[in-house]
1. Roughly speaking, what is the stretch gain from Ser15 to Arg105, that is 0.36 nm per residue apart minus the C-alpha to C-alpha distance, in nm to one decimal?
2. Using helices alone, what [θ] at 222 nm do you get for the chain, with -39,500 (n - 2.57) per DSSP H run of 4 or more residues, divided over all residues and rounded to the nearest 500?
3. Compute a Gaussian network model of the chain, connecting alpha carbons closer than 10 Å, and tell me which residue from Leu30, Leu19, Leu158 fluctuates the most.
4. If you plug each phi of the stretch 32-48 into the Karplus form 6.51 cos²θ - 1.76 cosθ + 1.60 with θ = phi - 60°, what whole-Hz ³J(HN,Hα) values come out, in order, with x for Gly and Pro?
5. Rounded, prolate or oblate: which fits the chain when a ≥ b ≥ c are the square roots of the eigenvalues of the alpha-carbon gyration tensor, with rounded for a/c under 1.5 and prolate only if a/b beats b/c?
6. Compute, for the chain, the length of the dipole vector about the Cα centre, with Cβ point charges of +1 (Lys, Arg) and -1 (Asp, Glu) only. Units Debye, rounded to 20.
7. Residues with beta-carbon under 12 Å from that of Trp155, excluding Trp155: net charge, scoring Lys, Arg +1 and Asp, Glu -1?
8. Going 7 Å from the Cα of His141 toward and past its Cβ, which residues in the stretch 97-113 have a backbone nitrogen under 12 Å from where you end up?
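The numbers here are math on the coordinates, done by the rules we state, and not lab data. What you see is a predicted model; the values in this text were computed from it and never measured. Note that we place each Cβ from the backbone using ideal geometry, even for glycine, and neighbour counts take in every protein chain shown.
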Amino acid sequence: MSHEQQSRPSELLQSWARLLDPNHIPGPVLDQACGDGHNGIFAARHGLEVICCDRSRPALRRARREAGAQGVRIRLWWTDLETADRAPLPENTFGAVLVFRYLHRPLIPEIRRAVRPGGYVIYETFTVGQPQFGPPRNPDHLLKPGELGEWFRDWEVLHRFEGVLTDPDRAMARIVARKPSD
């Protein structure tokens, strides 16, 4: 995938941009493992408060520069979400959590708790079919069949996909789900 393709917002996020409305998102948006922040910046361009989170300081600096170039503000949160000695995500805090091309299974319960009632998760990452197309190949970073949908089975699922996407070819699972309101 070219750098230009990587720096554009996810097709999934773009196709669900109607959710990115400050009147419907109950709180800030977390762009988890944001890399250069292109998905979070896209959400910020829709008027949302966005927190871009990553363990890479250089990536967060790139995100800050790009947000400035696009005339939006984002907050940066430098942390390693995979540190096992604490719960990394505060409970009932985020109106939405965005996760793209990242998988650390121990974080799934954290994400579920971190989203406020009525909030959303927009998640897209690689499946076990990916090694035929290229990296990643580590099974720890690849979803098993039906795994993503199972994690959010008790939420209102607005969109779900699992299969092969093209241009470039890649094996992915996607979900857009809304946490039930109390």
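1. So the extension gain works out to 29.8 nm.
2. Values: 6 runs with 42 residues, N = 182.
Taken over the chain, the calculation gives -6000 deg cm²/dmol.
3. Fluctuation is largest for Leu158.
4. 7, 6, 6, x, 7, x, 4, 6, x, 5, 4, 5, 5, 5, 8, x, 8
5. Verdict is rounded for the chain.
6. Computed charge dipole of the chain: roughly 380 debye.
7. That sum, taken over residues with Cβ under 12 Å, equals +2.
8. The answer is 101-104.
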